[in-house]
Amino acid sequence: MIIIMNKNAREADIARVEKILSQQGIRSERLTGEKQVVIGIIGASNGLDISVVTTLEGVQDVVRVSSPIKLASRLQHPEDTVITFSDGTKIGGSAPAIVIAGPCSVESADQLRRTAEFVRSSGVRFLRGGAFKPRTSPYSFQGLGFDGLELLKKVSEEFGLFIVTEVMEPAHAPRVAEFADIIQVGARNMQNFPLLRQLGNVNKPVMLKRGPASTIEEWLLAAEYILSGGNENVILCERGIRTFETALRYTTDISAVPLVKELSHLPVIVDPSHGTGKRSMVTPMSRASIAAGADGIMVEVHPDPLRSLSDGVQALTFEMFEEMMGELVRIGDAIDRQILIEPYTGAKSRGSKKSPSESPYKVA
Ligand code: PEP
Ligand code: MN
């Protein structure tokens, strides 16, 4: 950290800043320039509150030179984090990009089973579905709760699917972790610090969505809460942010993908369904996400979007989903990144791997 003094700071002001630092056990060094003095902090700044230093007499500015991002930072962990599931399926690094697909909400046994069978037959391994729904209005469908989790478990066993589902309450985390293969933290909960702390203790990967009004630094600091609790398996999910543009529900920040990959070793995926809020935008933005280097995408798909109890406007139809998968494979080919597609043999295939050349989407 560097403290820049005003051009007309008095010796007493400078000495006072130095005294405050030394009283807090912080080592510093004074650099006297032609016009102004700069005080450099050597080593740890012992939790010094920048905002307080900025208010001291004679101080012009305080500049942070080291990042507050520690465990999530690539500087401390240069190699990519790769998350490995029970059958060897991986997310991150140079592993094939994954597709997570399914309805916004688990609505009924029939709706979930139809969707699960369809996405699995399309070669997808990860099924999404919310049982606890963060709805803007308390009068909207709130999800089936633990009954929804039971339905997810049933189809995951039947079709060999990994389950991605959201937890909203810290107290629910251990129980949701028993059903989920990836626990989702929704955008609205990105800074629910008790929830993040709780997820630092669970033994399942956590997918942390970016808050709609959060900076990249805030997002990475939220990940830091989970990592510092001892859970190293965090996946970051860009899901659109609020900007001045209102033509779509949110603005999908595709540049977050290469930027976060530069700053952090954690896998990054994109959710273009929530990122745009519009069905016709989902496939183009999925293509863009893979092209930008995302480790996967998460999309909403529904057997009958018009009857969906939540987010029907952004849900892909089965037909649109299949078309999108073919396009993703072509983008993957162009940038030399495979898309994880495992043909479904009809058997309980959690773990039965097929070579990607058997993919129904591969174009020669
Ligand atoms: C969801 O994934 O269904 C969801 C509610 O997403 P978000 O938290 O990004 O709005
Ligand atoms: Mn949704």
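Please treat every number below as a calculation from the coordinates, not as lab data. Quick caveat: nothing in here was measured; it's all calculated off a predicted structure. Glycine also receives a Cβ, built like all others from the backbone with ideal geometry; neighbour counts cover every protein chain displayed.
Descriptive notes on the structure:
- Computed lengthening from THR136 to ASP110, 0.36 nm per intervening residue step minus Cα-Cα distance: 6.8 nm
- Order by protection proxy (mean Cβ within 10 Å, highest first), peptides 266-275, 104-113, 176-185, 17-26: 266-275, 176-185, 104-113, 17-26
- Pairs with C-alpha atoms separated by more than 30 Å, drawn from the list LYS90/LYS133; LYS90/LYS209; LYS70/LYS278; LYS204/LYS261; LYS70/LYS153, are LYS70/LYS278; LYS70/LYS153.
- Couplings for the range 316-328, taken from phi via the Karplus curve 6.51 cos²θ - 1.76 cosθ + 1.60 with θ = phi - 60°, read 6, 7, 4, 4, 4, 4, 4, 4, 4, 4, x, 5, 5 Hz in order; Gly and Pro are left as x.
- Helix-only arithmetic for the chain: the sum of -39500 (n - 2.57) across DSSP H runs with n ≥ 4, divided by the residue total, places the mean residue ellipticity at 222 nm at -9500 deg cm²/dmol.
- From phi via Karplus (6.51, -1.76, 1.60), per-residue ³J(HN,Hα) for the range 91-101 in Hz, x at Gly/Pro: 10, x, x, 9, 5, x, 5, 9, 10, 10, 9
- Where the Cα pairs of the chain fall when distances are cut into 10 Å bins, in %: 5, 23, 29, 20, 10, 8, 4, 1
- Estimated FRET transfer efficiency when R0 is 41 angstrom, pair SER22-GLU217 (beta carbons, to 0.05): 0.90
- Beta bridges from DSSP with both residues in the chain: antiparallel share about 40 percent, rounded to the nearest 5.
- Using alpha-carbon coordinates, inclination of helix 11-23 to the longest axis of the chain, degrees: 50 degrees
- Whole-Hz Karplus values for the range 149-161 come out as 5, 4, 5, 4, 4, 4, 6, 5, 6, 5, 10, x, 10 Hz, taken residue by residue from phi with 6.51 cos²θ - 1.76 cosθ + 1.60 and θ = phi - 60°; glycine and proline positions read x.
- Across the chain, the mean sequence separation of Cα contacts (distance under 8 Å, 6 or more residues apart), normalised by length, yields a relative contact order of 16 percent.
- In this rough spin-label picture, where each label sits 7 Å from Cα along the Cβ direction, the SER94-GLU29 distance is 4.2 nm.
- Solvent-free Debye scattering, log10 I(q)/I(0), computed from the Cα coordinates of the range 183-256 at q = 0.12, 0.21, 0.26 Å⁻¹: -0.31, -0.81, -1.13
- Full extension of the chain between ILE42 and VAL65 yields a length gain of 7.2 nm, computed as 0.36 nm times the residue separation minus the alpha carbon distance.
- For VAL234, the amide hydrogen comes within under 5 Å of the amide hydrogens of VAL206, counting only partners 5 or more places away or on other chains and with H modelled in the peptide plane.
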